[in-house]
1. Please compute the net charge surrounding L264, taking Lys and Arg as +1 and Asp and Glu as -1 over other residues with Cβ under 10 Å from its Cβ.
2. Taking all protein chains in place and a 1.4 Å probe, what share, in percent, of the accessible surface of the stretch 392-472 do carbon and sulfur account for?
3. Suppose we look only past 23 Å in the calculated P(r) of the stretch 88-232. What percent of the Cα-Cα pairs does that tail hold?
4. Which of the aspartates and glutamates could a cross-linker bridge to K422, judged by Cα under 14 Å and excluding same-chain residues fewer than eight apart?
5. Under a cut-off of 16 Å between alpha-carbon atoms, report the lysines in cross-link reach of K192, not counting same-chain residues fewer than 8 places apart.
6. T91: net charge of surrounding residues, Cβ under 15 Å, Lys/Arg +1, Asp/Glu -1, itself excluded?
7. Scaled to the compact-protein estimate 2.2 N^0.38 Å, what is the alpha-carbon radius of gyration of the chain, rounded to two decimal places?
8. Using a ≥ b ≥ c from the Cα gyration tensor of the stretch 255-387 (square roots of the eigenvalues), is it rounded, prolate or oblate, where a/c under 1.5 gives rounded and otherwise the larger of a/b and b/c decides, a/b for prolate?
Amino acid sequence: MKMAGKMLLQALLLLLFLFVLGIPCFSLPLSINGRWIVDAKTGQRVKLACGNWPSHVEIMLAEGLDKQPLQYIIAQLRQHHFNCVRFTWATHMFTRYANRTVMESLDSFNLTDAKAGIAKNNPFVLKLTLVQAFEAVIDHFGAQGVMVVLDNQVSRPTWCCGYDDGNGFFGDADFDADEWLQGLAMVAGRFKGKSQVIGISTRNELRGPLANEDDWYKYIYQGGATIHKANPDVLIFASGLAYASDLTFLKKKHLQTNFDNKLLYEAHWYAFSWGEGKVWGMEFVNKACQSKTQYFINQTGFVVNGDNPFPMFVGEFGLDQRGLSRADEHFYACFLAYAADEDLDWGVWAWQGSYYYRENKTGTEETYGVMDFNWNRVRNKEFQNRMQLIKSKLQDPSSRISTSFIMFHPLSGSCINTEDRKGIYATGCKAPSHWIHEGDRTPIRLRGTKLCLKAVGDGLEPILSEDCSSKQSSWTSLSESKLHLAAIDENGEYLCLQKESRYTTRILTSSCVFIHEEPECQKDPQKDPVTQWFKLVKTNVL
């Protein structure tokens, strides 16, 4: 009991600290302006950096309440600079099981250990109904300044998502469209007035043999209209077909309304998306990054461009955090480069470290989870450190600051900074240097100075120089990925920027590895082209 009391006190102190330092500088509700989510009153951009937190599996209770006090878990979320939760729910929880208590739900699966853990850490939820407990968790999110996207993950509460699991598309065995609309209306109406609930999704990962475009237009419009009628303040998140990986039909026509500037689109992207996860571990990683990024853009990401742009929310991305494989390293670096450059809103899968009950097993671990199995610490600090830049707001339609660039190394998640304007080094991305670059074969200039980046030689540190007209100061994006920044040395050879190693801050120029991108070269991790990946990320926020 003393230990539990001490942890609760620590959580409350952390909450006070976060409240003092983390008061948002925008107001709710939110709206959309072109491709951006904005404060509806001021037009200021609001960036969503979310963690997925399930409450849709059979028990229908936010995971982890058996492991730690709820206040502590949410404080951890805030401490690691997440400002949002994609909080999942099952339709039947509201339409069929609304009066079932948390205790009854746990007992129905004989989860005695989980019940004992909840009695210790969060006893207040045990006698609540499932819907009351769901609302109580949302109230705790609001108390700590965390925004909430309510995600309709499934109809029948279960682990998601099988192709023909009965939960995939309108008309499936467990997916009655009328009951789905009833559930959306109940959720939207119940949480009207709770400003922390900033959005509701129409449905997660539509899929299966019945999936088709005509029904997508019909039902997504009906779902959006139902949400908007019951709660006109919330954003409406709409994902496409094929596990939220296909919105290509929008190139022919959009939905007939944007629900008074509340509509945005959602997509999911994992290393295994489109059934081609193996490409990330193969030799030609520059080609893999270029082709998969372009495929994502062609399938879903295009909605942020064109004459009628919409925001894109990458509602799920993630990887096994126990120890990143070579393939995961490549995918993650490629994803970070794209997400930073487009400044996308996103939700990482997943926040939870464990489940009460999943796929007929009790107490299962979530290896993709940010939290460890016991929910007391972050599982992989390096994974979190590499997300620092994409958690920051980089672009804002209301900004009057001219565009500059941040030099981002996605493999390590570090950014380039200057030291007394004498040289450059890799550091965190909290306060990176800003650069001016006007395109290939032009200098990379330090903003507000006459200095530019100059390559000195192979294996040497580049310098900041006023000699901005030489080839050694003329930088070009090379390789299929366009993630190699290179200048030509005195011998006419390309030298690429490279972070010396994962564990040092030193930046060098070295012979470009991609030039030798062959199978025998790729067996040597020291010659992995990804070590030389740098992205000039545009920003108009200082």
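1. Value of the local net charge: 0.
2. Ligands and nucleic acids excluded, carbon and sulfur give 45 percent.
3. Values: 4250 of 10440 pairs.
Tail of the P(r) past 23 Å holds 41 percent of the pairs.
4. Cα-Cα hits under 14 Å: E461, E466, D467.
5. K229, K262
6. The answer is -4.
7. Working: Rg = 24.1 Å, N = 542, 2.2 N^0.38 = 24.1 Å.
Relative to the 2.2 N^0.38 Å estimate, the chain comes out at 1.00.
8. oblate
The values are calculated or read from the model by the stated rules, or taken from the named source; none is laboratory data. These figures come from a predicted structure and were not determined experimentally. FYI the Cβ positions are ideal-geometry reconstructions off the backbone, even for glycines, and counts take in every protein chain you see. Please note that ligands, DNA and RNA were not included when accessible areas were found on the heavy atoms of the full protein model with its side chains. Shrake-Rupley method; radii C 1.70, N 1.55, O 1.52, S 1.80 Å.
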